[in-house]
Amino acid sequence: MRGIVYCWAAVIRTKLAEQMAYRSHFALSVLLLIVGDLVVPFVTLLVYRSGASFPGWTLHEALLIQAVFALAKGIAFPFFFGMVGTTLSQVREGTFDLLLLRPRPVMMMAMLTGFDPDDFGRLLSGSVLFGYALSGLGGPSWQSWLQFGLLFLASITILCAVSLFLSGMLFRWVGSSRVFDIFDAVTSFGLYPGTIFSKSLQNILTYVLPIGLIAFVPASSLLGRNGWGTLWALVPAAAFLILGAVYWNRMLRSYTSAGG
């Protein structure tokens, strides 16, 4: 465990040093990420200002869901999702073999190599939006904060599992950047209250593709809309992560070097 911490610390220091060498590029990248993540909340704000709304949800409650989604991405993207880009480029170029030679688990090395400080811009935009959303709501109770903390952990777990599925897919689906389009298209449902969808779609987004667990369920718990029974989400999140790890390792065994 200590060796893993040292590896992460060394990579973070190195990546930050690289970004400081190109400060303007780093600042511009972070700014663009912040602007991009605030587009959907801005549209939501315009919708409510025009007199429309999501049934049963106030403006600040709807923004809270989108803030939780941004916070989850702000943690998962720097630490986990970089492995998708790493696999995408290195398998295509035939340099993924170098990770196989390292005296560390290949999965961990893929995550380390893909660490990107730029993605902390998502965490910044999510934090600002989260604070704004809470400013228009009553103060949640400590039970709600506890539920939210546990369910937010499930949210991060699900995003980590998704990164494993997408990067594992690239061992066969060599060099296709469409995996990011797939992710954006599927997870876009998680930016809105789950209650606005039909019951069948709600079940799919909760039990089949656990997109609703990324933001909707944690935000609902923070608002006091759910009881302790919602902690069942920890079980499918853990199962999804285990399934993702199994899938990634199985796909890694099918990797034949230099272009898949």
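Working from Cα pairs under 8 Å separated by at least six residues, relative contact order for the chain is 28 percent. The alpha carbon convex hull volume per residue for the stretch 1-130 rounds to 141 Å³. What angle, in degrees between 0 and 90 and rounded to the nearest 10, separates the Cα long axis of helix 142-169 from the longest principal axis of the Cα atoms of the chain? With rounding to tens, the tilt is 40 degrees. Using a probe of 1.4 Å on the protein chains alone, the accessible area found for Leu38 is around 70 Å². In the full protein context, the chain carries 49 Å² of accessible surface per residue, based on a 1.4 Å probe and ignoring ligands, DNA and RNA.
Farthest towards the positive end of the charge dipole of the stretch 2-252, among the residues Pro193, Ser125, Gly227, is the Cα of Gly227, using unit charges on the Cβ of Lys, Arg, Asp and Glu.
Calculated FRET efficiency, Asp116 to Lys199, Cβ-Cβ distance, R0 = 35 Å: about 0.35 to the nearest 0.05.
Ranking of Leu129, Leu100 by solvent-accessible surface, largest first: Leu100, Leu129 (1.4 Å probe, protein heavy atoms only, all chains present). Using only Cα atoms and rounding to the nearest 10 degrees, what angle (0 to 90) does helix 23-37 make with the longest principal axis of the chain? The angle comes out at about 40 degrees.
Once all protein chains are placed together, Asp181 keeps about 80 Å² accessible to a 1.4 angstrom probe. The base-10 log of I(q)/I(0) for the stretch 96-222, evaluated at q = 0.09, 0.12 Å⁻¹, reads -0.35, -0.61 [Debye formula, identical scatterers on Cα atoms, solvent excluded]. As a fraction of the 1.4 Å probe accessible area of the chain, surface on carbon and sulfur atoms comes out at 68 percent. So if the hydrodynamic radius of the stretch 2-252 is defined as the Kirkwood radius over C-alpha pairs, what does Stokes-Einstein give as its diffusion coefficient at 37 °C and 0.692 mPa s, in µm² per second? The Stokes-Einstein estimate is 171 µm²/s. A 1.4 Å probe, protein heavy atoms only, puts the accessible area of Phe42 near 120 Å². Working note: 222 nm ellipticity from helices only, DSSP H runs with n ≥ 4, each -39,500 (n - 2.57), summed and divided by the residues of the chain, gives -21500 deg cm²/dmol to the nearest 500. The GNM of the chain, with springs linking C-alpha atoms under 10 angstrom apart, assigns the highest mean-square fluctuation among Ala239, Ala219, Ala67 to Ala239. Legend: residues Glu93, Glu61, sorted from most to least accessible area (1.4 Å probe; ligands, DNA and RNA excluded), read Glu93, Glu61. Candidates Ala161, Pro140, Ile211 compared by Cα position along the dipole of the stretch 2-252: farthest toward the positive end lies Ala161, with charges placed on Cβ.
Taking Cα atoms only, the orientation of helix 120-135 departs from the longest principal axis of the chain by about 10 degrees. Accessible-area rank, largest first, for Trp8, Trp142: Trp142, Trp8, with all protein chains present and a 1.4 angstrom probe. Between Ser127, Ser163, Ser188, the Gaussian network model of the chain with springs among Cα atoms under 10 angstrom shows the greatest mean-square fluctuation at Ser188.
From the largest down, the stretch 86-150 spans 54, 23, 15 angstrom on the principal axes of its Cα atoms.
The values are calculated or read from the model by the stated rules, or taken from the named source; none is laboratory data. Because the structure is predicted, anything quoted here is derived from the model rather than measured. Here the Cβ is made from the backbone with ideal geometry for all residues, glycine too, and neighbour counts use every protein chain on show. Accessible surface areas use protein heavy atoms only, side chains included; no ligands, DNA or RNA. Shrake-Rupley method; radii C 1.70, N 1.55, O 1.52, S 1.80 Å.
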